[in-house]
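Shown next, in structure tokens, is the structure this report addresses.
The values are calculated or read from the model by the stated rules, or taken from the named source; none is laboratory data. Just so it is clear, the model here is predicted, and its values are computed rather than measured. Cβ coordinates were reconstructed from backbone atoms using ideal geometry, including for glycine residues, and neighbour counts include every protein chain displayed.
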Amino acid sequence: MSGVPAHVDGRGLGIAEAAGARLINGDRMRHYVKGIQNHSPVWAQHGIRILPGPSSL
């Protein structure tokens, strides 16, 4: 499953940096493992991310 369409490939980060933006945590990636198959996908491998409710802790 994929959380973004195929055209979202990170090139915008390089463009922003070349324009003077300061990037942070470029060595880190976030992976969300809680998801299910989308019954009406918008793009290839489009999944649905499931978030747990608020915790009493």
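Conditions tested, residue by residue: (1) more than 14 Å from the chain's Cα centre (by Cα); (2) modelled with pLDDT under 75; (3) in a loop (DSSP other than H, G, I, E, B); (4) polar (S, T, N, Q).
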| residue | (1), (2), (3), (4) |
| --- | --- |
| 7 | no, no, yes, no |
| 12 | no, no, no, no |
| 36 | yes, no, no, no |
| 40 | yes, no, yes, yes |
| 48 | no, no, no, no |
| 52 | yes, yes, yes, no |
| 55 | yes, yes, yes, yes |
Checklist entry - Name the pairs whose Cβ atoms lie under 7 Å apart, with the first residue in the range 4-29 and under 26 Å from residue 48 (Cα atoms), the second in a loop (DSSP other than H, G, I, E, B), and 6 or more positions between them or separate chains? => result 5/43; 6/43; 6/44; 13/23
Item to check | Check on residue 26, of a type outside the set (Phe, Trp, Tyr) and either at pLDDT 85 or above or surrounded by 11 or more Cβ atoms within 10 Å (Cβ to Cβ) (or both) | outcome: no
